[in-house]
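Undergrad: Provided herewith is a single structure, encoded as C-alpha cells, for subsequent inquiry.
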Amino acid sequence: MKIAICDDDSAYVKKIESVVRTTIAEKNIDARFDLISDSAQLHDSAETYDMAFLDIGMTPYNGLEIAARLKKRNRNIIIFFITSYDDYIDDAMDLHVFRYISKPLDARRLRAGVEKALKLIDRARISFLVKESGKAVCVFSKDIVFVEIAGRSTRVVTTQGEYNSENGIDFWDSKLAAPSFFRVHKSYIVNVHYATDYSRATIVLCGEYEIPIAYRRQAEFRHFFLNYFGGR
C-alpha cells in the first residue's frame with residue numbers, strides 16, 4: 001500500500017504519519033509512506049497512491065487541486081483532508097473525499113477514519129457475477145454506484161456501466177455492507193462514496209442519479225452520511 005502525506009507544516013506531516021503508521025502496522029499491512037511538505041512535488045509526481053492525507057491551504061497548489069490530480073491517477077484513492085479550513089466541505093464531497101478532519105488534529109478521529117478506510121479497501125476487492133446479454137460479468141463492489149429493484153430482478157449501476165441481476169435487493173443488501181453502502185429505500189441501496197449532493201429526502205450520485213430516501217430512514221441515514229464524511 002502506498003500512502004502520501006502532504007502538508008506545508010512538516011510537524012503536522014510527522015503527527016499524521018505517526019497515527020497512520022501505527023494504525024496500519026496493527027493490521028499487519030505493509031505500507032510505503034511518502035512524506036511531502038511541498039505541494040508542487042506531489043502535484044507533479046507520477047506516483048499513484050492508495051491513500052492520501054492532505055492539507056487544503058497549501059501553495060503553490062492547494063489540497064483540492066492535489067486531490068483532483070491524485071484522483072486522475074487512481075480514481076479509487078482514499079483521500080483525507082486534515083485542515084484548518086472549514087469552508088470546503090462541498091468541494092470535498094465533489095471529489096468524494098473520505099474524511100474531512102479539522103485541525104488541531106484529533107488523533108482518535110484520524111485513527112478511526114483510517115481503520116474504516118482499511119475496511120473499505122478490503123471490501124472493495126469483493127466481486128460479484130452478474131449476467132449481461134447471456135454473459136457473466138464481474139462487478140467489483142467499489143465500482144457499484146447504486147442498486148435498485150427492477151421488477152423481479154435488480155438494476156446494478158456501476159462506474160463501468162449498468163447491468164441486470166437475477167439477485168433480489170435483499171441479496172445485495174446483505175453483501176454490500178457499511179462503511180459506504182446504505183439502503184435508503186426499500187427499492188434502493190446507495191454507495192455514498194459517489195455522493196455529489198444530499199438533502200433530507202434525496203441523495204444525488206455522480207451528479208446525475210437522484211435517489212429518494214424513505215422518510216423512516218432519513219434520520220438514520222443522516223447520521224450514517226455525516227459519520228462517513230467525518231462527522232461534520
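The values are calculated or read from the model by the stated rules, or taken from the named source; none is laboratory data. These numbers come from a predicted model, not from an experiment. Here the Cβ is made from the backbone with ideal geometry for all residues, glycine too, and neighbour counts use every protein chain on show.
Undergrad: Would you pick out the residues in segment 10-39 that are modelled with pLDDT under 95 and in a loop (DSSP other than H, G, I, E, B)?
TA: The answer is LYS27, ASN28, ILE29, ASP30, ALA31.
Undergrad: Could you please let me know if GLY57 is surrounded by 22 or more Cβ atoms within 10 Å (Cβ to Cβ) and not hydrophobic (A, V, I, L, M, F, W, C)?
TA: Working: surrounded by 22 or more Cβ atoms within 10 Å (Cβ to Cβ): no; not hydrophobic (A, V, I, L, M, F, W, C): yes.
So GLY57 does not fit the description; no.
Undergrad: Can you tell me which residue in segment 164-192 is nearest to TYR209 (Cα to Cα), limited to those that are buried (at least 20 other Cβ atoms within 10 Å of the Cβ) and at pLDDT below 90?
TA: Ranking the candidates gives SER180 first.
Undergrad: In this structure, does LEU42 turn out to be out of contact with any His (no Cβ under 7 Å at 6 or more places or on another chain), in a helix (DSSP H, G or I) and either of a type in the set (Lys, Arg) or within 16 Å of LEU70 (Cβ to Cβ) (or both)? So that I can check it myself, show each step before the final result.
TA: Details: out of contact with any His (no Cβ under 7 Å at 6 or more places or on another chain): yes; in a helix (DSSP H, G or I): yes; either of a type in the set (Lys, Arg) or within 16 Å of LEU70 (Cβ to Cβ) (or both): yes.
It is true that LEU42 is out of contact with any His (no Cβ under 7 Å at 6 or more places or on another chain), in a helix (DSSP H, G or I) and either of a type in the set (Lys, Arg) or within 16 Å of LEU70 (Cβ to Cβ) (or both).
Undergrad: Let me ask something else about it. Which one of ALA92, ALA195, ALA107, ALA150 is among the hydrophobic types (A, V, I, L, M, F, W, C), over 14 Å from the mean Cα position of the chain (by Cα) and closer than 22 Å to ILE77 by Cα?
TA: Details: ALA92 fails: over 14 Å from the mean Cα position of the chain (by Cα); ALA195 fails: over 14 Å from the mean Cα position of the chain (by Cα); ALA150 fails: closer than 22 Å to ILE77 by Cα.
Every option except ALA107 fails the conditions.
Undergrad: Hey, another quick one. Answer with yes or no whether TYR215 is under 20 Å from SER141 (Cα atoms), surrounded by fewer than 20 Cβ atoms within 10 Å (Cβ to Cβ) and out of contact with any His (no Cβ under 9 Å at 6 or more places or on another chain). Even if it seems obvious, please write down each step before you answer.
TA: Details: under 20 Å from SER141 (Cα atoms): no; surrounded by fewer than 20 Cβ atoms within 10 Å (Cβ to Cβ): yes; out of contact with any His (no Cβ under 9 Å at 6 or more places or on another chain): yes.
When the stated conditions are applied, TYR215 does not pass them.
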